[in-house]
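Asks: Dumping the structure here so I can ask a few things about it.
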Amino acid sequence: MVHVAIPVAGRKRPLAKRKSRVSQLSMKKTVRMITGATALLLSTSALAAPSDVMALQDKALQDDVAYDIVEGLTTEIGPRQAGTEAEARARDWAVAKLKTLGFSNIRNEPYMMPTWIRGKEMASVVSPFPQKLAVTALGNSASTGDKGLTAEVVYFPTLADLMAAADGSLKGKIAFVSHAMQATQDGSSYGAFGPARFVGPNIAAKKGAAAIVIRSAGTDHHRNPHTGNTNFEKGVTPIPAGALSIPDAENLERMVKRGKPVQLKLVLTPQNIGQQESGNVIAELPGSDPSLGMIVIACHLDSWDLGTGAIDDASGCGIITAAAKHVMAAGQPKRTIRLLWAGAEEVGLWGGNAYGEARKGDKHALAMESDFGADRVWRVDFSLPETAKPLADQIAGALQPLGIGRGQQPASGGADVQAIIRNNNLAVIDLQQDGTRYFDLHHTPDDTLDKIDPEQLRQNVAAWATVLSIVGNSDADLTMPAKE
Ligand SMILES: [Zn+2]
């Protein structure tokens, strides 16, 4: 795929945009011919898709609805942390937006959740090399109190090193855990190195640490610390837990490696404000045959409070909604397509779990989610019953012109649909996005609109519209075999 290298700000884009759109379409024609020919030859893995699906795909490549949603959410709402008034304003904004787009059965489904909010944040090396470090508190961090706490730093190059530390050995110290997370296309590095954030504070607390700072779970080299939730086990008293920006973590690493004791002052004053209201926004494109079971497509509406949640996850809400809008424009599908703009994903999947419980009685057939930014889709994965193999072949064939290959891994769905997939044993399709630069921005102040590449966002909409159109008009049996 000829694609203009991605400069951050889109100003240069009109010419590039027109050129790349033209190149996308002409490339598509070529690939479509090749696909058709190959499919004919192979007539195994990829069936050529009906022309109306390809026409819909072409229209979706010109989409502006997705970008409009990202622009609106990041501009008119901005940071929208779970359980806060900003998230409530975002739900009202979403309901109004979905109404203007012509969706049906739009509703806000509230639930209560324990809410944590940020306070003051400051870190500075007291000795031997006094200087400030860029820091942010992790979700569920305890408070140091306004005066803060000053203690000696104990350095662990990896989480495994921290785990190996003797119990009680960190009494009154500040643990400092690093890691070597790298950028990967599939984002798998986050799963491998993220535990420093997910469970590092809990482990440090159990070893007596007064506080902990970690190298941010990110891949950029800006002085933007990456926030994100951490979890303390029942019975473990939470400790102050912060993430340093990567340049500051590397600076602190150099300091400790000089062999002199390093004293760090940390001021983090977050609060737990108890049970607050959050909620899911749900809307539908009703299908003509409810007996077939609906397709639920999800994103999450909440964001962390440091940035405006453009890639995480306004783009996901834009992508799924624009794709459903294109299917709506093409005529009523057979299956109902239900949009789930889930609340409170970042702090514990409260929205997804509430949906999975409240809505398990509804007849679902398939679940999908977009929650990995706005860069191009490069692979499609399936978790479908044998009976639906022809359907998978058709989808795989229809996606090839967009430069999307077929994966061999089973699909698993995103965080907000885990509960409904589990409760209803649903079929799943994953459209895997390129996450190479996702963790440069993830949970940082830099998660802003200018980071969105409209062309790649359109490619996402085209991929999603293709899948929804094919599955939405299919009466294939999507019943998954019963779990053992
Ligand atoms: Zn997210």
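The values are calculated or read from the model by the stated rules, or taken from the named source; none is laboratory data. Just so it is clear, the model here is predicted, and its values are computed rather than measured. Cβ sites come from the backbone with ideal geometry, for glycine too, and all protein chains shown count toward neighbours. Protein only, heavy atoms only, side chains kept; ligands, DNA and RNA dropped before computing areas. Shrake-Rupley method; radii C 1.70, N 1.55, O 1.52, S 1.80 Å.
Asks: Could you list, in sequence order, the residues of the stretch 92-108 that are open to solvent by less than 40 Å² (accessible area, probe 1.4 Å) and free of Cβ contacts under 8 Å to residues at least 24 places away in the same chain?
Replies: Trp93
Asks: Consider the stretch 52-79. How many of its residues are more than 17 Å from the chain's Cα centre (by Cα), over 17 Å from Ile395 (Cβ atoms) and open to solvent by 50 Å² or more (accessible area, probe 1.4 Å)?
Replies: 7
Asks: State all residues of the stretch 295-315 that are near the ligand (Cβ under 10 Å from one of its atoms) and either modelled with pLDDT under 95 or part of a strand (DSSP E or B) (or both); if no residue qualifies, say none.
Replies: Listed by number, the residues that qualify are Cys299, His300.
Asks: Which helices (runs of 4 or more DSSP H) does the stretch 158-242 wholly contain that include 2 or more residues that are over 23 Å from Asp446 (Cα atoms) and open to solvent by less than 20 Å² (accessible area, probe 1.4 Å)?
Replies: Output list reads 200-206.
Asks: Something else now. If I ask for residues that are touching a strand residue (DSSP E or B) at 6+ places or on another chain (Cβ under 8 Å) and within 16 Å of the ligand (Cβ to nearest atom), which ones from the stretch 351-366 would you list?
Replies: Gly351, Gly352, Tyr355
Asks: Please go through (1) among the charged types (D, E, K, R); (2) open to solvent by 20 Å² or more (accessible area, probe 1.4 Å); (3) within 16 Å of the ligand (Cβ to nearest atom); (4) within 16 Å of Ala94 (Cβ to Cβ) for Lys325 and return the number of the only condition it doesn't satisfy.
Replies: (3)
Condition check ((1) under 20 Å from Ala209 (Cβ atoms); (2) open to solvent by 20 Å² or more (accessible area, probe 1.4 Å)) across all residues:
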| position | (1), (2) |
| --- | --- |
| Pro110 | no, yes |
| Val126 | yes, yes |
| Ser143 | yes, yes |
| Asp146 | no, yes |
| Val153 | yes, no |
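Asks: While we're on this one: Tell me which residues, restricted to the stretch 205-233, are touching a Lys or Arg at 6+ places or on another chain (Cβ under 9 Å) and of a type in the set (Gly, Ala, Ser).
Replies: Passing the criteria: Gly208, Ala209, Ala210, Ala211, Ser216, Ala217, Gly228.
Asks: Shifting gears a bit: Just need a number here: residues in the stretch 217-242 that are at negative phi and without any contact (Cβ under 8 Å) to a residue 40 or more places away in the chain.
Replies: Step one: of the stretch 217-242, the residues at negative phi are 217-227, 229-234, 236-242.
Next, from what is left, pick out any that are without any contact (Cβ under 8 Å) to a residue 40 or more places away in the chain: 221, 233-234, 236.
Count: 4.
Asks: Taking helices (runs of 4 or more DSSP H) that fall entirely within the stretch 375-457, which contain at least 1 residues that are crowded, with 22+ Cβ neighbours inside 10 Å and among the hydroxyl-bearing types (Ser, Thr, Tyr)?
Replies: Correct list: 438-441.
Asks: For the stretch 347-370, which positions are within 21 Å of Asn460 (Cβ to Cβ) and of a type outside the set (S, T, N, Q)? Lay out the reasoning, then the answer.
Replies: Within the stretch 347-370, the subset within 21 Å of Asn460 (Cβ to Cβ) is 352, 366-370.
Matches in the stretch 347-370: Gly352, Leu366, Ala367, Met368, Glu369.
Asks: Still on this structure, please answer the following. Determine the pairs where a residue that is within 10 Å of Ser278 (Cβ to Cβ) and in the same structural domain as Ile420 (by TED's automatic domain parsing), located within the stretch 337-361, has a partner that is open to solvent by 10 Å² or more (accessible area, probe 1.4 Å) and away from the ligand (no atom under 16 Å from the Cβ) with Cβ atoms under 6 Å apart, the partner being 6 or more residues away or on another chain.
Replies: Qualifying pairs under 6 Å: Ala354/Tyr111.
Asks: Out of the residues in the stretch 278-306 meeting the condition of being charged (D, E, K, R) and crowded, with 22+ Cβ neighbours inside 10 Å, tell me which one is nearest to Asp477 (Cα to Cα).
Replies: Restricting to residues being charged (D, E, K, R) and crowded, with 22+ Cβ neighbours inside 10 Å, the top hit is Asp302.
Asks: Oh, and also: Would you mind finding the one in Gly331, Gly287 that is without any contact (Cβ under 8 Å) to a residue 24 or more places away in the chain, part of a loop (DSSP other than H, G, I, E, B), assigned by TED's automatic domain parsing to the domain that holds Ala96 and over 18 Å from the mean Cα position of the chain (by Cα)?
Replies: Selected residue: Gly331, the only one of Gly331, Gly287 that is without any contact (Cβ under 8 Å) to a residue 24 or more places away in the chain, part of a loop (DSSP other than H, G, I, E, B), assigned by TED's automatic domain parsing to the domain that holds Ala96 and over 18 Å from the mean Cα position of the chain (by Cα).
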